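Report on one structure; see the data block that follows.
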Amino acid sequence: MPDITPRNTVVMGAVALAMAVAVGGIVHASTYDDLVSVDIDGVVTDVRTESETVDQVLAERNVQLDPSTQVSPALTTDIDDGDVIKVRRAKAVTLVVDGKISQQTVHDVDVESALQTLGVQPRDGASLSMELDERLGLDGNSLVVSNPKRVTLKVGGKKRAVTTSAPTMEALLAQQDIAVGKLDEVKPGLGSYLKPRQSLRVVRIKKITRMEKLPVDHEVTFTDDSSLFQGDTEVVKEGRDGLDRARVELVLADGEVRERRIVSRSSVRPPITEVQKRGTKDPNSVDGGVWDKIAQCESGGNWSINTGNGYYGGLQFSAATWRSVGGPGLPHEHSKATQIKYAKILQARSGWGQWSCAAKVGVS
């Protein structure tokens with residue numbers, strides 16, 4: 001019988017070696033070739049990797065990280081087959097909620113998640129500048145939430161209450177079908193965000209031109225007269241106001257004149273200058289005689305007194321009595337001599353009984 005043992009032994013050894021290599025390869029693949037998912041701001045990529053930790057996987061994928069980036073699980077965490085690595089980068093958000101503006105930073109992927117993070121719950125009927133499922137950008141986001149609110153709107157002087165979710169003044173006016181002219185004023189401005197219970201206004205501005213008649217004041221000239229007492233005047237020549245015809249430009253705000261500008265004017269009737277005599281005689285040179293005595297009794301001799309009881313001057317004229325004898329202005333505004341002048345007219349017309357003090361000083 002031939003001896004075949006050595007040959008069989010060699011074959012069996014070769015088979016065993018091949019199985020060992022095969023088995024070794026299988027062990028190597030299961031240990032160092034894991035399938036993981038990398039989720040970067042909602043964009044998911046499946047990755048087969050030989051890396052052992054999270055940071056190694058991200059470095060292998062050239063994912064740039066900065067201190068504000070959130071990574072889950074932590075960078076030094078060992079990975080296993082089937083793991084999900086989440087990378088959330090910081091996103092700047094200018095948040096406006098019912099007119100209140102703030103600067104925020106979130107790591108959320110979409111608007112809805114960001115609002116939840118920021119504690120903002122839009123009410124039914126609210127207006128949003130971005131859709132809830134819209135992704136947030138890395139270069140900054142403007143997120144406006146305008147809940148239904150009651151405001152007061154005054155247009156052209158007419159006021160009304162409005163409930164609206166319009167975010168801005170411009171959006172509200174469009175919603176209310178209110179046109180704004182080139183000259184009209186909008187308060188606050190068209191781009192202003194609306195706040196609850198805010199007072200809003202559209203002022204209608206209109207420019208018009210019209211013709212008007214304008215009075216022209218006359219001048220007064222004086223000549224000194226030593227026969228008149230200081231403070232007394234006498235009209236020599238009556239003056240008269242003139243009249244101009246003018247082209248006037250008006251700016252109307254809600255129908256009321258705000259500005260008025262004269263564009264041109266021409267004379268219709270020139271003014272006439274008034275000429276008056278002005279007294280230079282010293283009133284203290286007058287000897288009041290009995291009038292001084294009456295004044296001493298009536299007013300303590302104070303010719304410029306205004307007692308506040310309806311009587312004026314040294315002789316305590318009432319305004320009506322003073323005017324009835326032709327006195328100008330009020331008695332206390334004139335000199336002692338002038339007051340005596342008109343007192344003499346009153347005495348000649350009505351007697352001494354006009355002064356209760358006359359009898360006390362011995363005249364009647």
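Could you say which residue among Ala343, Ala337, Ala320 is assigned to a helix (DSSP H, G or I) and modelled with pLDDT under 90?
It is Ala337.
Determine which member of the set Val111, Val120, Val145 is out of contact with any helix residue (DSSP H, G or I) (no Cβ under 9 Å at 6 or more places or on another chain) and either of a type in the set (Val, Ile, Thr) or closer than 27 Å to Gly189 by Cα (or both).
When all the criteria are applied, what remains is Val111.
Could you check how many residues of the stretch 153-177 are assigned to a strand (DSSP E or B), free of Cβ contacts under 8 Å to residues at least 24 places away in the same chain and surrounded by 13 or more Cβ atoms within 10 Å (Cβ to Cβ)? Don't jump to the end; show me each part of the working.
First, the residues of the stretch 153-177 that are assigned to a strand (DSSP E or B): 153-155, 158-164, 168.
The next check asks that each one be free of Cβ contacts under 8 Å to residues at least 24 places away in the same chain; those that pass are 158-163.
With the extra rule that they be surrounded by 13 or more Cβ atoms within 10 Å (Cβ to Cβ), the set shrinks to 162.
Total satisfying the criteria: 1.
Report every pair of residues separated by at least 6 positions or lying on different chains whose Cβ atoms are under 8 Å apart, first residue within the stretch 100-124 and in contact (Cβ under 8 Å) with a residue 60 or more places away in the chain, second part of a strand (DSSP E or B) and surrounded by 12 or more Cβ atoms within 10 Å (Cβ to Cβ).
Ile101/Thr94; Ile101/Leu95; Ile101/Tyr193; Val109/Arg88; Val109/Arg135; Asp110/Arg135
List every residue pair whose Cβ atoms sit under 6 Å apart, with the two residues 6 or more apart in sequence or on different chains, where the first one lies in the stretch 231-254 and is in contact (Cβ under 8 Å) with a residue 40 or more places away in the chain and within 30 Å of Trp303 (Cα to Cα) and the second, anywhere, is of a type in the set (S, T, N, Q) and part of a strand (DSSP E or B).
From the stretch 231-254, the pairs are Thr233/Gln276; Val235/Gln276.
Answer yes if at least one residue in the stretch 265-275 is assigned to a loop (DSSP other than H, G, I, E, B) and either touching a residue at least 60 places away in the same chain (Cβ under 8 Å) or among the small types (Gly, Ala, Ser) (or both), and no otherwise. Outline the logic, then answer.
Of all residues in the stretch 265-275, those assigned to a loop (DSSP other than H, G, I, E, B) come to 270-271, 273.
When the remaining residues are screened for being either touching a residue at least 60 places away in the same chain (Cβ under 8 Å) or among the small types (Gly, Ala, Ser) (or both), the result is none.
No: zero hits.
Is it the case that Gly279 is without any contact (Cβ under 8 Å) to a residue 60 or more places away in the chain, in contact with a helix residue (DSSP H, G or I) (Cβ under 9 Å, 6 or more places away or on another chain), at negative phi and among the small types (Gly, Ala, Ser)?
So Gly279 fits the description; yes.
Against the definition (in contact with a Leu (Cβ under 7 Å, 6 or more places away or on another chain) and either exposed (fewer than 13 other Cβ atoms within 10 Å of the Cβ) or in a loop (DSSP other than H, G, I, E, B) (or both)), how does Val257 come out, yes or no?
On the way: in contact with a Leu (Cβ under 7 Å, 6 or more places away or on another chain): yes; either exposed (fewer than 13 other Cβ atoms within 10 Å of the Cβ) or in a loop (DSSP other than H, G, I, E, B) (or both): yes.
Yes: the conditions hold for Val257.
Could you list, in sequence order, the residues of the stretch 85-110 that are β-branched (Val, Ile, Thr) and surrounded by fewer than 13 Cβ atoms within 10 Å (Cβ to Cβ)?
Initial filter on the stretch 85-110 (β-branched (Val, Ile, Thr)): 85, 87, 93-94, 96-97, 101, 105-106, 109.
Scanning the stretch 85-110 gives Ile101, Thr105.
Filter the stretch 216-256 down to the residues that are closer than 23 Å to His334 by Cα and under 46 Å from the mean Cα position of the chain (by Cα) and list them by number. Before you say what the answer is, go through the steps one by one.
Step one: list which residues in the stretch 216-256 are closer than 23 Å to His334 by Cα, which gives 219-239.
Correct list: Glu219 only.
The values are calculated or read from the model by the stated rules, or taken from the named source; none is laboratory data. The structure displayed is predicted, hence computed values, not measured ones. Ideal geometry is used to build each Cβ from the backbone, glycine not excepted, and the neighbour counts take in all protein chains shown.
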